[in-house]
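To keep things clear, I will list the structure first and then write my remarks on it.
What follows draws every value from the coordinates through simple rules; no lab data is involved. Please read these numbers as outputs of a predicted model, since none were measured by experiment. Methodologically, a virtual Cβ is constructed for each residue, glycine included, from the backbone with ideal geometry; neighbour enumeration extends over all protein chains shown.
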Amino acid sequence: MAGTLVTALLWFSIVACGLLAGLYFTFSAFAMTAFARLDTAAGVAAMNSINRVIQRSLFMPLFVGSSLSSLALAVIGALHRDEAGACAALAGGAIYFIGMFVVTMIFNVPRNNALDASDPATAEGEALWLRYRKEWTGWNHVRTLASTAALVLFVIALGGRP
């Protein structure tokens, strides 16, 4: 697993995992609780606004770039399992890609789309908001833990390199 490219991928992934773990932690620790204290229409409007703005922000290149770098580290780790740090890179990459990227695409994004299409002024819209907060936040906890665990594993992988 030698090479400047792997070292660069590890450093980028460490920083990216830290930034995204912090973002996800914010929502898990207090943002969703704050939104729940707003009336339904205001809470939905706030979350929808965040979901629209985040798609056109620096978050997106970081989200995509970190997903690709973690996948690359998982593959490199798998191909070089006998080298120092490779198993940690493999585990970190797999945990991040599945626990952050795949979870986001399968569980969080569809809920965001449903929320955006809802009318919070209706009984169905209010019920969706209640369900959204519980389910979306639960999956966000997974993203937070996966990003944090991957960060630790990438640090271990970097520390194990010659």
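So here's what we get for this one:
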{"quantity": "Residue satisfying condition, being farther than 10 Å from Ala150 by Cβ, in contact (Cβ under 8 Å) with a residue 40 or more places away in the chain and hydroxyl-bearing (Ser, Thr, Tyr), within set Ser57, Ser69", "calculated": "Ser69"}
{"quantity": "Pair list, Cβ < 9 Å and 6+ apart or interchain, from the range 112-123 residues that are farther than 18 Å from Ile54 by Cβ to residues that are charged (D, E, K, R) and in a loop (DSSP other than H, G, I, E, B)", "calculated": "Pro120/Asp39"}
{"quantity": "Criterion: part of a helix (DSSP H, G or I), of a type outside the set (Asp, Glu) and surrounded by fewer than 12 Cβ atoms within 10 Å (Cβ to Cβ) - qualifying residue of Asn113, Asn108", "calculated": "Asn113"}
{"quantity": "Subset tally (residues that are acidic (Asp, Glu) and surrounded by 15 or more Cβ atoms within 10 Å (Cβ to Cβ)) for the range 116-134", "calculated": "1"}
{"quantity": "Qualifying residue in the range 66-74 (condition: part of a helix (DSSP H, G or I) and closer than 30 Å to Glu126 by Cα)", "calculated": "no"}
{"quantity": "Among (1) in contact with a Phe, Trp or Tyr (Cβ under 9 Å, 6 or more places away or on another chain); (2) free of Cβ contacts under 8 Å to residues at least 40 places away in the same chain, the one test that Arg81 misses", "calculated": "(1)"}
{"quantity": "Failed item, numbered, when Met32 is tested on (1) within 25 Å of Ala117 (Cα to Cα); (2) surrounded by fewer than 16 Cβ atoms within 10 Å (Cβ to Cβ); (3) of a type in the set (A, V, I, L, M)", "calculated": "(2)"}
{"quantity": "Top-ranked residue of the range 88-99 - restricted to ones that are in contact with a Gly (Cβ under 9 Å, 6 or more places away or on another chain) and free of Cβ contacts under 8 Å to residues at least 40 places away in the same chain, ranked as farthest from Ala16 (Cα to Cα)", "calculated": "Leu90"}
{"quantity": "Top-ranked residue of the range 82-105 - restricted to ones that are of a type in the set (Gly, Ala, Ser) and not in a helix (DSSP H, G or I), ranked as nearest to Ser147 (Cα to Cα)", "calculated": "Gly85"}
